[in-house]
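What follows draws every value from the coordinates through simple rules; no lab data is involved. These numbers were taken from a predicted model, which means no experiment stands behind them. Backbone-built Cβ (ideal geometry, glycine too); neighbour counts: all protein chains shown.
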Amino acid sequence: MIQHIKTYISQEQKAHVLLLSIVATVVGISLSLFFIMRANAAVSSVTGSDLDTTKNGLSGADVQIAIDVDANTPAGFEFMKVFIVSSTASLTTGTLNTACDGVCQERGFFSQHADITYALPDFMNTDSSGAAWVTTTPYVIWVYTSSTVPTIVSSSPFSLLSDTVDDNNAPFVNHTSVHSAVQNAAATIYAGVMDDQTTREQFSTTTGNQYFVLYYGADVSVSQTAVTGTWTQTSDFFSFSIPTTTVGAAGNTFEYYLVAQDAASNIRYFCANPSAASVNDCKTSPFLVTSIASGSRTVSGTITSAGSPLGDTVVMAGGFSIPVAVTNGDGAYTLSGLPNNTSVDITVVKNGYCDNKRFETIGTTNLTDIDLSLNAGNCGFFGGEDGGQSPHVTFSFPFEGSNNIPPDTIIKIGVDKSLNASSVNDNNASDSGSSVYLTIDGSTKLAGSVIYCASNSDPGCSSLPSGDSNVILYTPGSAMTTSTFYTLVIREGVVSENGKSIEGNRAGGGHQISFFTGGGTVSFGGEGGPTFGNGGQYMPPFVRAMHPGPGQSIASDSSILLEFNEALNDAT
């Protein structure tokens, strides 16, 4: 009996020990997994808030985002992407292409693993699902980290508030002045108006304080007639009709100017005097239009957005009162009736997209393939340093046409406006969505990465001098090939904080910088004598000067001149 009891107790002890071992193992595994997950976490916390009180209504500026990252950069880190959706939606690393009624739209992109606090640009007026901001539904910010083990972290829900501020801004008039009208035909003049608190719908009505009016006449300082614009909702522009009797025969002239007043009675006078502050200022400096014979030249091309054709888009010939063209389903358009040997601003407008322009010179043949791209969104024109203007390149290294550039150069481009960082930052500048890329043949995008530096204190920007600001840094994925012609392309997808596309010397929008790399090492003295470069004797010939310059518009029958640094073999 005693032996049975001992055996039973021994078995019970073994069972308890085994049970405790299993529990300890499970707890140990759980703790291990917890600490592994904590060690691999890319983002510690995300916070969303609405701190803006200066912008009227709801806009992207109301969305403030704060990202705190883990002290350790995760293995295989590539980038962080920010998404903002309704609190009723839940995102995972595997549903970013489907959870937002399709692909979720980025609301931030960062190629550095660093703490980041920023507000969305004012013009970014939708969440990652493409829905307009509202005050009735809370939002959640999700930060996706691309690394060996992808992770996604969310904020707590937060709400937005619609602000009401004093209206002290006069309307912004968007108009390219007309200088030519077709003889003996009614002239149509197009102009846009934008205000921070008065809507286009309000401007299109005849009730209330707001109005948008064009005054015209043979001599407006003596006599003038007012005409109210008709709103073309597809384009956000208004059309104003000038009667045939005013246009007259070829050689006749007439004058006009525009006045816009918002609901708060702020007034904008728009005429040849850029500082006009009264009707009398515009009466003494109106725009002058000359009647001409109808031309036979056409301009045609395709309008796209994000690589896809854009239909129902209005295309205007800036400077001429000819009828506008509207793109078809393939994004194609044709402007007709333009004269020979002239220049024209091709202006493209569509509701819900930022306008774009392209300057072209017309000779004695029709122009084809005059293509432009529009960025989705609403572009602002009020306050800040931008003043509604597009950003432009102010300096670059290498500069346009440089020679003998070291193959390991990091390319720097300075601009005159603050940019939307998410339109620039790119950890893979060779993919189809890249707006800044390096190429040797004009189409193939080479491996590299791009960051935008508002100042040298931004992550990844410490190499810049302390005085540099608003700089784009492009780092090639590997050293460039020696003695090779490269072009850095900045597409129109790069936009300012108010959503305006960068403008420059690139046809169709954007800017580009071309240069030659050097031939490699240069050695003076030593055994064997001097060597310059790696291919051929000394250095290859290079272009020292050219006419026309890159992006320059010239007559179609102009001669092209290339000047080299040394004599060439004419047989080649």
Inset, instruction - Arrange the following residues from fewest to most other Cβ atoms within 10 Å of their Cβ: Ile472, Ile303. - result: Ile472, Ile303
Legend entry - Residues with amide H under 5 Å from that of Arg506, placed H, sequence gap 5 or more: His511, Gln512
Legend entry - Packing rank of 130-138, 420-428, 436-444, where each peptide gets the mean count of other beta carbons within 10 Å, highest leading: 420-428, 436-444, 130-138
Inset, instruction - Mind listing the long-range amide H neighbours of Asn351? Cut-off is under 5 Å, sequence gap 5 or more, other chains count too, H placed in the peptide plane at 1.01 Å from N. - result: Ser235, Asp236
Inset, instruction - Could you run the Karplus curve 6.51 cos²θ - 1.76 cosθ + 1.60 with θ = phi - 60° over the range 85-98 and give me ³J(HN,Hα) per residue in whole Hz, x for Gly and Pro? - result: 9, 4, 5, 7, 9, 10, 10, 10, 5, x, 10, 5, 8, 9
Inset, instruction - Please turn the phi angles of the range 68-78 into ³J(HN,Hα) values with the Karplus equation 6.51 cos²θ - 1.76 cosθ + 1.60 (θ = phi - 60°), one per residue in order, whole Hz, x for glycine and proline. - result: 10, 9, 5, 5, 9, 5, x, 4, x, 4, 10
Inset, instruction - Could you go through the range 258-269 in sequence order and give the Karplus-derived ³J(HN,Hα) for each residue, using 6.51 cos²θ - 1.76 cosθ + 1.60 with θ = phi - 60°, rounded to whole Hz, and x for Gly and Pro? - result: 10, 9, 10, 10, 8, 5, 8, 6, 6, 10, 10, 9
Legend entry - Kirkwood-Stokes translational diffusion coefficient of the range 393-538, alpha-carbon pairs, 10 °C, 1.306 mPa s, µm²/s: 99 µm²/s
Inset, instruction - Given the peptides 100-110, 45-55, 156-166, arrange them by the average over their residues of other C-beta atoms within 10 Å, most packed first. - result: 100-110, 45-55, 156-166
Legend entry - Peptides 170-181, 457-468 ordered by average Cβ neighbours within 10 Å, highest first: 170-181, 457-468
Inset, instruction - List the residues of the range 122-136 whose backbone N lies under 12 Å from a point placed 7 Å from the Cα of Val165 along the Cα-to-Cβ direction. - result: 122
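Does the range 77-162 come out rounded, prolate or oblate, given a ≥ b ≥ c as the square roots of the eigenvalues of its C-alpha gyration tensor, rounded meaning a/c under 1.5 and, failing that, prolate meaning a/b above b/c?
Here the range 77-162 falls in the prolate category.
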Inset, instruction - Obtain the nm distance between the two label points defined at Ser462 and Thr394 by a simple spin-label model: each point lies 7 Å from its Cα along the Cα-to-C-beta direction. - result: 2.6 nm
Legend entry - Debye intensity ratio I(q)/I(0), log10, the range 396-475, q values 0.15 Å⁻¹ (C-alpha model): -0.54
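In the structure displayed, which of Lys283/Lys350; Lys283/Lys500; Lys283/Lys417; Lys350/Lys417; Lys81/Lys350 lie more than 27 Å apart, Cα to Cα?
Lys283/Lys350; Lys283/Lys500; Lys283/Lys417; Lys81/Lys350
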Inset, instruction - Could you pull out every residue, at least 5 positions away or on a different chain, whose amide H is within less than 5 Å of the one on Ile370? Hs are placed 1.01 Å off N in the peptide plane, and Pro or chain starts have none. - result: Ser300, Gly301, Thr302
Legend entry - Separation between Cα centres of the range 449-498 and the range 126-146, rounded to whole Å: 29 Å
